[in-house]
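*Asks:* Before I ask anything, let me first share the structure, which is written out below as structure tokens.
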Amino acid sequence: DAGLTDSLLAEFESTLAHHELIKVRVRAGDRDARDEIIRKLCAAGSAELVQRIGNVALLFRQNLKKKPEKSIRIPSR
């Protein structure tokens with residue numbers, strides 16, 4: 001609700017580094033505003049948008065420090 005604050009971006013970075021694949025719910029008034037927030041999150045976290053359904057986005061960033069057998073593999077890659 002407060003937008004992309006520094007604390008939100010820090011938590012986003014930490015969670016993405018640990019889990020690689022996360023769901024983010026974006027509460028914004030219209031589709032263009034949601035898309036812009038998702039673009040900013042992807043740019044800030046060097047993440048890729050895997051899927052967006054309504055106000056929920058699925059974001060991925062591979063953690064190169066994880067062992068290959070424990071890393072998530074996206075089929076389209």
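The values are calculated or read from the model by the stated rules, or taken from the named source; none is laboratory data. Computed from a predicted model, the values in this text were never measured in an experiment. Counting neighbours? That spans all protein chains shown, and the Cβs are built from the backbone with ideal geometry, glycine included. All accessible areas refer to the heavy atoms of the entire protein, side chains included, with ligands and DNA or RNA removed. Shrake-Rupley method; radii C 1.70, N 1.55, O 1.52, S 1.80 Å.
Condition check ((1) among the aliphatic types (A, V, I, L, M); (2) closer than 15 Å to VAL56 by Cβ) across all residues:
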residue: THR5; (1), (2): no, no
residue: GLU13; (1), (2): no, no
residue: LEU16; (1), (2): yes, no
residue: LEU21; (1), (2): yes, yes
residue: ASP32; (1), (2): no, no
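*Asks:* Follow-up. Kindly indicate whether any position in the range 32-43 is assigned to a loop (DSSP other than H, G, I, E, B) and at pLDDT 85 or above.
*Replies:* No: zero hits.
*Asks:* Return the residue satisfying two criteria in turn: it lies in the range 1-17 and is among the aliphatic types (A, V, I, L, M) and free of Cβ contacts under 8 Å to residues at least 12 places away in the same chain, and of such residues it is least open to solvent (accessible area, probe 1.4 Å).
*Replies:* ALA10
*Asks:* What do you reckon, is GLU20 open to solvent by 50 Å² or more (accessible area, probe 1.4 Å) and either at pLDDT 85 or above or touching a Pro at 6+ places or on another chain (Cβ under 6 Å) (or both)?
*Replies:* no
*Asks:* Separate question: If SER46 satisfies every condition in (1) open to solvent by 80 Å² or more (accessible area, probe 1.4 Å); (2) at pLDDT 90 or above; (3) touching a strand residue (DSSP E or B) at 6+ places or on another chain (Cβ under 9 Å) but one, which is the exception?
*Replies:* Evaluating SER46 over (1) open to solvent by 80 Å² or more (accessible area, probe 1.4 Å); (2) at pLDDT 90 or above; (3) touching a strand residue (DSSP E or B) at 6+ places or on another chain (Cβ under 9 Å) leaves (3) as the failure.
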